[in-house]
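Have a look at the structure below, then the notes.
Read the figures in this text as sums done on the coordinates, not as results from a lab. Because the structure is predicted, anything quoted here is derived from the model rather than measured. In this analysis, Cβ positions are derived from the backbone assuming ideal geometry, glycine residues included, and neighbour counts consider all displayed protein chains.
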Amino acid sequence: MYDTIIIGAGMSGLAAGIRLAYYDQKVCILERHTTIGGLNSFYRLNGRDYDVGLHAVTNFTPKGTKKGPLARLLRQLRFKWDDFSLSEQVESSIAFPGVNLKFSNEMDLLRSEIASCFPDQVDPFERLLGKIVEYDDLNQEIYEQSTREVLDEIFTEPLLVEMLLCPLMWYGNAREDDMDFGQFCIMFRSIFLEGFARPFKGVRLILKNLVRRFRSLGGELLLRKGVSQIKLDEGRAVGVVLDNGDEIEGRNILSSVGRVETDRLCLGSGASQVAKAGQLSFVETISILDRQPRDLGHEQTIVFYNDSNKFHWRRPVDEMCDVRTGVICSPNNFRYSPDDGDLADGVIRITALADYHRWGNLDEDDYRLAKIKWSDQVTAAAIKFMPDYRRFVIDSDMFTPNTIRRFTWHDNGAVYGAPEKILDGSTDWQNLYLCGTDQGYVGIVGSIMSGLTIANRYCLAP
């Protein structure tokens with residue numbers, strides 16, 4: 001009998017496990033996949049490690065900062081700042097036709113850019129900042145307000161609304177077209193008021209430290225142990241059944257696999273689901289260059305681009321991918337310490353929206369051909385917003401919604417899970433709680449904070 005069983009060895013599950021193990025709970029983390037990390041994982045190909053998911057760690061604040069999500073998670077996990085070894089971004093931008101808003105981890109840069117490009121929107125922007133600072137993270141009613149309606153009441157310039165929505169939707173929005181205002185506030189704080197950073201060695205460093213700490217505290221991490229059913233007894237979760245038929249009992253169960261997926265584990269595959277699965281999935285090209293991106297004149301860390309004045313945020317319906325909007329990220333363009341130096345390879349990652357169903361229905365040969373075709377089209381769309389790097393590519397790969405489905409087990413390969421979030425992590429069953437994406441926090445820091453929050457509230461409360 002375990003005190004807590006955690007389904008999924010992503011960031012939220014690992015963080016929850018560490019927190020509970022510190023209090024001498026007997027904890028087991030079950031992971032269906034062969035590796036850890038969920039969406040924020042990595043794979044090895046042709047002698048190179050490729051990150052899945054991680055562009056940057058959001059919520060960055062400098063070493064020694066006492067407030068904010070990053071400082072809180074370090075305290076609760078009992079990690080030192082250097083355990084994550086974060087280096088902040090150089091500079092990023094939001095690029096629309098004819099308008100480019102630069103931003104960094106200093107809010108004054110975005111303020112000055114808005115003043116330059118949209119001088120009559122300076123005061124409305126300050127009013128928005130006030131609303132974001134005052135926002136209550138646990139107010140479900142305010143959380144579910146339409147962001148577009150809120151912004152339309154504040155701003156008189158539609159283009160600025162679209163430009164502000166672009167990066168925040170790309171980095172944490174499960175809804176098509178619009179965004180919950182609560183999610184907007186969370187992402188605005190994490191990206192604009194705090195900022196981007198990255199460990200020199202990528203997501204592997206964070207995962208390695210989390211797993212090492214969990215196991216050092218006596219926690220059990222079991223890979224290739226997928227859960228096929230959550231056992232219920234009179235409305236109470238009492239354990240799980242594994243894919244191989246083994247049963248494990250637990251006093252509490254934390255599920256990080258998603259709201260829809262957790263419902264199915266309780267009700268069975270034939271049951272109608274209360275929650276609606278997300279529709280938004282991605283493809284991403286990863287190109288290895290024979291030189292640093294800055295040698296080509298590309299010095300920005302991340303570029304969020306859109307090819308018209310209206311931001312496109314919807315599952316493609318006519319094609320396998322929608323290349324009208326995307327994200328360009330270069331892991332090389334962070335302020336790494338002198339001891340780190342430069343990454344050995346130049347890297348360009350480009351992300352675009354994709355339709356899971358079209359990708360999922362391809363046979364092996366057609367899938368391989370589709371990756372080649374759409375890699376070319378995604379790249380061709382992106383180089384309108386950056387230098388053309390194609391002749392310097394020495395290796396490449398592309399992950400698709402199929403990859404995301406394999407790493408996360410989310411229906412539809414939905415990167416950010418279901419559109420409706422459960423902020424308190426509760427479910428219809430006693431002793432069963434949600435953490436991770438569908439609890440409402442996204443990104444690495446958000447996922448870790450979700451695991452800590454739910455563990456503290458339900459498994460450590462007196």
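For D395, the residues whose modelled amide H falls within less than 5 Å of its own, excluding neighbours fewer than 5 places apart on the same chain, are I288.
Residues in the range 71-86 carry Karplus couplings, in order, of 4, 5, 5, 4, 5, 6, 8, 6, 9, 8, 3, 5, 5, 9, 6, 8 Hz; the curve used is 6.51 cos²θ - 1.76 cosθ + 1.60 with θ = phi - 60°, and Gly or Pro positions show x.
Each residue in C435, C28, C459 was given a count of other beta-carbon atoms within 10 angstrom of its own, and listing them fewest first yields C28, C459, C435.
For the range 337-412, with only Lys/Arg (+1) and Asp/Glu (-1) charged at the beta-carbon, what is the dipole magnitude about the Cα centre, in debye rounded to 20?
340 debye
Under 5 Å between amide hydrogens, built in the peptide plane, is the criterion, and for I6 it picks out C28, I29, L30, L254 among residues at least 5 positions away or on other chains. Where the centroid of each part is defined by its Cα atoms, how far is the range 27-72 from the range 339-396 in Å? Computed from Cα coordinates, the inter-centre distance equals 21 Å. Over the chain, Cα pairs under 8 Å with separation of 6+ residues give a relative contact order of 24 percent.
Taking a straight line from the alpha carbon of K66, these lysines sit under 28 Å away, with near neighbours fewer than eight places off in the same chain left out: K80, K102, K131, K201, K208.
Selection among T427, A197, A344 by position relative to the dipole of the chain gives A344 as farthest towards the positive end (Cβ unit charges, Cα centre).
The fewest-to-most ranking of D3, D322 by surrounding Cβ atoms within 10 Å reads D3, D322. Would you work out if the range 233-333 is rounded, prolate or oblate? Take a ≥ b ≥ c from the square roots of the eigenvalues of the alpha-carbon gyration tensor; rounded if a/c is under 1.5, else prolate when a/b is larger than b/c, oblate otherwise. Here the range 233-333 falls in the prolate category. A Cβ-based charge dipole, computed about the Cα centre of the range 279-408 with Lys and Arg at +1 and Asp and Glu at -1, lands at about 460 debye. Ellipticity at 222 nm from helices only: DSSP H runs of n ≥ 4 in the chain, each -39500 (n - 2.57), divided by the residue count, give -9500 deg cm²/dmol.
By the beta-carbon count within 10 Å of each Cβ, the least crowded to most crowded order of V52, V133, fewest first, is V133, V52.
Of the trypsin sites (Lys or Arg not before Pro) found in the range 61-152, those in coil by DSSP whose Cβ has at most 15 other Cβ atoms within 10 Å are K63, K66, K67, R78, K80.
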